[in-house]
1. For region A:79-121, which positions are more than 7 Å from chain B (Cβ to nearest Cβ), closer than 23 Å to B:F7 by Cα and open to solvent by 10 Å² or more (accessible area, probe 1.4 Å)?
2. Taking the residues in region A:51-78 that are in contact (Cβ under 8 Å) with a residue 24 or more places away in the chain and within 16 Å of ligand 2 (Cβ to nearest atom) as candidates, determine which candidate is most open to solvent (accessible area, probe 1.4 Å).
3. Scan region B:222-270 for residues that are aliphatic (A, V, I, L, M), more than 13 Å from the chain's Cα centre (by Cα) and at pLDDT below 90 and jot them down.
4. Scan region A:142-158 and tell me whether some residue there is in a helix (DSSP H, G or I), within 16 Å of ligand 2 (Cβ to nearest atom), polar (S, T, N, Q) and open to solvent by 10 Å² or more (accessible area, probe 1.4 Å).
5. Can you name the residue in region A:122-140 that is over 23 Å from the mean Cα position of the chain (by Cα) and within 12 Å of chain B (Cβ to nearest Cβ) and is also least open to solvent (accessible area, probe 1.4 Å) among such residues?
6. B:L299: more than 22 Å from the chain's Cα centre (by Cα) and farther than 20 Å from B:L25 by Cβ, yes or no?
7. Can you find a residue in region A:82-97 that is assigned to a helix (DSSP H, G or I) and farther than 19 Å from A:L162 by Cβ?
8. Name every residue in region B:195-205 that is modelled with pLDDT of 90 or more and charged (D, E, K, R), in order of residue number.
Amino acid sequence: MDGGAVLEVNGIVKRFGSLEALGGVSLSLQSGDILGLIGPNGSGKTTLINVVSGLLYPDAGSLLLYGRRIDRLSPHRRSHLGVNRTFQIPHPFTGLTVRENIDISLLFGRLGNRADLDQRAEDILKLAGLSEFSEHKAGNLNTSQKKMLDLAKALATEPKVLLVDELAAGLNTSEAEAVARLLKEVRKSVDAMIVVEHVMNFIKRVTEDVVVLDAGKVIFSGKFIDAVKDSKVREVYLGKAGGT
Amino acid sequence: MNFRHFFLKDPKRMWPEASMLVAPLAVIFILGPDIYPNQSIFMELAVFIMLADALNIVYGYTGYLPFGFGVFFAVGAYGTAILISHASWQVAPAIIAGACLAALLSLLFTPLLRLSGAYFAISSLAAFEAFYLIFSNTQLTSLTGGPYGISFTQVYNANLDYTAAVVLAIASAIVVLVISKSTFGIALQAIREDRFAVELAGVSSLRYRTYAWLISSFISGIAGGLFGWYQGFFYPEAVFNLTEFSVLVIVFVLFGGKGTVFGPVVGTVILFLVYEILSLTFSNSLLIIFGLLLVVLVLFIPNGIEPLLRKAADLLLYPDGRD
Ligand SMILES: Nc1ncnc2c1ncn2[C@@H]1O[C@H](COP(=O)(O)OP(=O)(O)OP(=O)(O)O)[C@@H](O)[C@H]1O
Ligand SMILES: [Mg+2]
């Protein structure tokens, strides 16, 4: 066992009825890593994020955060320990203002009850490009702003491991580019990151290290440039996605 | 709970709303009995306002609707009655102890707060029936009076009880106001909106639901104690009254607007008075009317009349539109 890992995912199995969404997935994150998690639709990427963040409990396998078992902890406990995520479909608290959305994470998150609440809130709003929408109801934001709010909420808990699920999907090229730059900025404040994306160009811009999932199994783990050459990856993923 | 930031915004900003709650209620409760000399009706109104606010805290702010939540009212009434009649307690501590008993009972439900709303709704009904059978059981006659009712007229004091009920009804409305402006209330609202996302923000939804549940059952228990005291003697059916102290309250809250500060109070004042006036003429068909009203509310104005009133007030106060 590698004692230095930030996050270790060991043989995670998750079934939905007869469907095995994750068939024994293992991976590990070291400090400073950004791991690109790619794979075709339905390959289990979101399910893995759900299991790591605690929204789903695995049927088998274990999760270690800095060597500590977290796979039976509730999501808020994991949040306090430093695991957070964004959602593929954003989850804003629509009836609350943007600022209140972030305040909740600041108040109840990992370092909750801080004296510099206002300053932190402003910094995060600025980073996410939401300063001018601070007093807007989150429900009135557009999709890309909602995605940014998701990221802002996660960052406000000051996570150590951040799981980002398709943040750039559905954004136009310049927006996606901005998100890639933003993620690099975010990397400085977290210990490690998993970035799920199926736009290959996007992943390329954020990291070199990728894990490729197919039908709930890891079929490749290594450098992005090698993944593109890998025959299995080409077959299941690039073939279907049209080789973007 | 987070006390450094218990209020996100300056609490002084609550004054206008607080006075808009207190002033009309004070007028109703002080002048009401002079205009319509039947104190017991206004006493009941105070009790219903407490129950509506209590229900609003669980249903409005956490989204859980406990159909049988009248059980806390009944336990509060019995707790008070038993402590006074058997242990000769003073009224005030007896009522507080009765309410604590109700809150303790509510803790038994907390494992269910992990489950979805439907289980919760049904299990509270089951608890209601179970406690009714216990308190009305002939075997317990020496303690609870069983089916013959319980009497503690030695402390009867209608005027004092009325005053206490009015003050506490207003206080419970203020409690809802404070909750709505506090970080606790914002957390509750977030829990209701998205129970997954809120956990990721670090909020233990179970813990905060439990707090809401405790506050709610405590207020219901207080209402029960005050009601029992006013009666001096009651049968089990008088306090274990599902139609009045659960269903009617649900209708009041839905009509006024769940999850709002003013809705449950306004809804209760209006519908309770309608209910009282109508019950003079059609006692039996009344429940059918209220049942239909419940259906109409859920289907057509699920948010109640509060948003409409708010719009009307905005138009009156700021005819040219708000900044
Ligand atoms: N809650 C659920 N109940 C039942 N099946 C589910 C559930 N969540 C996911 N699945 C199934 O598990 C498989 C993996 O889904 P998942 O959402 O993890 O894929 P993904 O890799 O994120 O895909 P996408 O690129 O479309 O987001 C799919 O077949 C999906 O239908
Ligand atoms: Mg997905």
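1. Step one: of region A:79-121, the residues more than 7 Å from chain B (Cβ to nearest Cβ) are A:81-83, A:86-90, A:92, A:97-99, A:101-102, A:106, A:111, A:114-116, A:118-121.
Add one more test, that the residue is closer than 23 Å to B:F7 by Cα, and what stays is A:92, A:97-99, A:101-102, A:106, A:111, A:114-116, A:118-121.
A:P92, A:T97, A:R99, A:L111, A:R114, A:A115, A:D116, A:D118, A:Q119, A:R120, listed by residue number.
2. Out of the qualifying residues, it is A:L56.
3. Listed by number, the list holds a single entry, B:L242.
4. yes
5. Step by step, filter region A:122-140, then rank; the result is A:K137.
6. Working: more than 22 Å from the chain's Cα centre (by Cα): yes; farther than 20 Å from B:L25 by Cβ: yes.
So B:L299 fits the description; yes.
7. So the first thing to find is which residues in region A:82-97 are assigned to a helix (DSSP H, G or I), and the list is none.
Checked against the condition, which is being assigned to a helix (DSSP H, G or I) and farther than 19 Å from A:L162 by Cβ, region A:82-97 yields no hits at all.
8. B:E199
The values are calculated or read from the model by the stated rules, or taken from the named source; none is laboratory data. Being a predicted model, the structure only gives us computed values, none of them experimental. Cβ: placed from backbone, ideal geometry, glycine included. Neighbour counts: every protein chain shown. Only protein heavy atoms, including side chains, enter the accessible area calculation; ligands, DNA and RNA are left aside. Shrake-Rupley method; radii C 1.70, N 1.55, O 1.52, S 1.80 Å.
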